[in-house]
1. For the chain, what number results from the quotient of the Cα radius of gyration and 2.2 N^0.38 Å?
2. For region 330-416, run through the GluC sites (Glu not before Pro) and keep only the ones in DSSP coil with at most 15 other Cβ atoms within 10 Å of their Cβ.
3. What number, in percent, do you get for the relative contact order of the chain if the mean sequence gap of Cα pairs under 8 Å and at least 6 apart is divided by its residue count?
4. What residues have an amide H closer than 5 Å to that of Phe168, excluding those fewer than 5 places away on the same chain, when H is modeled at 1.01 Å from N in the peptide plane?
5. Could you check the simple spin-label distance between Leu265 and Asp113, using points 7 Å along Cα→Cβ, in nm with one decimal?
6. Below 27 Å Cα-Cα, how many Lys pairs turn up in region 107-226? Only count pairs eight or more apart in sequence, or on different chains, if you could.
7. Counting other Cβ atoms within 10 Å of each Cβ, which chymotrypsin sites (Phe, Trp or Tyr not before Pro) in region 345-428 have at most 12 and sit in a DSSP loop?
8. Out of Ala104, Ala338, Ala156, any idea which swings most in a Gaussian network model of the chain, alpha carbons joined below 10 Å?
Amino acid sequence: MSAYSVSRRGLLGAGAGIAAASLLGLKPAAAQQKDIRVFWWGSQERADRTNRAVDAFKKANAGIDAKTEFAGWSDYWPRLATRVAGRNAPDLLQMDYRYMFEYARRGAIVPLDQYLGNALKIEDFGKANLESCSVDGKLYGINLGVNSSCAVFDPAAWEAAGVAPLAFGNSWDEFVSKCAAFAKGNKRKKFYATMDASGHEPGFELWLVQNGRALYGEDGKLAFDEKDAGNWFKLWAELRKSGGCVPPDVQALDKSTLDTSTLTLGYAATAFPHSNQFVGLQQLNKAKLDITAFPVTAGGKPGQYLKPSQMWSIASDSKNPEIAVKLANFTVAEAAGAKILGVERGVPASSGMRELLGPDLDEVSKKVVDYIGKLGPYTAKLPPSPPKGAGEVAFVLERVSQEVAFGVSPEEGGKKFVAEAASILKRG
């Protein structure tokens, strides 16, 4: 099993230990303490906002302490899995839609339904937002913001190359042509129209849906074949060949963090993050950025979807779950906390908090809210829940895409990716 996957044996062991302690009536001394640990992934911008919100929470709740820690996306999941397996999980942890089902069904996080209407006042999130954070009918996540995948670009760089940037409704063919034209018009050295998104799972997924396929079916199996994957790799091979996207040695610098994005590093004029990351990207980039939708497939279906950007979840071995819920509620449903977080994690799911934040949003944050508002015609329904092992499959896509970029044929890459992904899912 990959180091990036949750250890089933470890989680089961943790669950057994917790159960045994309960049966014996053990009550650790720590249970008497009013302190929790909070762990999330994200940029320094997110860390600054979250720490300020936690400080405000502590100031408003004397006697409660909350220690915070954050990591980049790639480091977060192996560290969290290790801690969960070692029964040392943070009380309040940031959760992703992709991993929520795996953690919930293995008992690593707890249902939150008992807190609804009392400590957790999120009734105005609405049915869709609550369901998007639920597993098997139980609430396991507290939506920190609504978001979607997007394209972020440097308009001035595109203008300097004499090409109109990507816009709502542009097709993939138009995007490929624009990037090739950018390569011809661009005067900057080692600078390209776009990142290489061939290993970008959200982009691959929405492209599949646009073409009548999907990443996973309701049965938890792959809903695409090696030909589909090969065609996706071919699309990016064409962009690479035209000089429209960054070469593989440059894309390899991207470690799935905002500060290592090829846009931030000054190699590309376009990147494909999630919309909630626009605030952090703008913070790191001197150029004034803009945001738009992914390309579409001519005659195809809508492929993007709205999802919880991140959620708060409570670890099953938390000694103070009530305090963890109280802090989570402070950040999403109370003015003092929600104002500090703003829209960095996405547009608030709470209608009340959206109305509260609206008048005070800066220009960057307003672009995110406007983007989500315009995205309706390009969105499909939320896809089936990712099966166990989906997180590992995403890393395999990234690795195989790099192998293709360095010389493996797209067809061979498609075969290899599908074979490895199917094997991972079969293992579960």
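Read-outs: derived from the displayed coordinates by stated rules, not from any lab. Please read these numbers as outputs of a predicted model, since none were measured by experiment. Glycine gets a Cβ as well: all are built from the backbone with ideal geometry, and neighbour counts include every protein chain shown.
1. 0.99
2. none
3. Details: 803 pairs, mean separation 110.7, N = 428.
Relative contact order here is 26 percent.
4. Long-range HN contacts for Phe168: Ala293.
5. Between Leu265 and Asp113, the simple spin-label model gives 4.7 nm.
6. 6
7. Details: sites: Tyr371, Tyr378, Phe395, Phe406, Phe417; in loops: Phe406.
Counting only loop positions with at most 12 other Cβ atoms within 10 Å, the chymotrypsin sites (Phe, Trp or Tyr not before Pro) in region 345-428 are Phe406.
8. Of Ala104, Ala338, Ala156, the Gaussian network model singles out Ala156 as fluctuating most.
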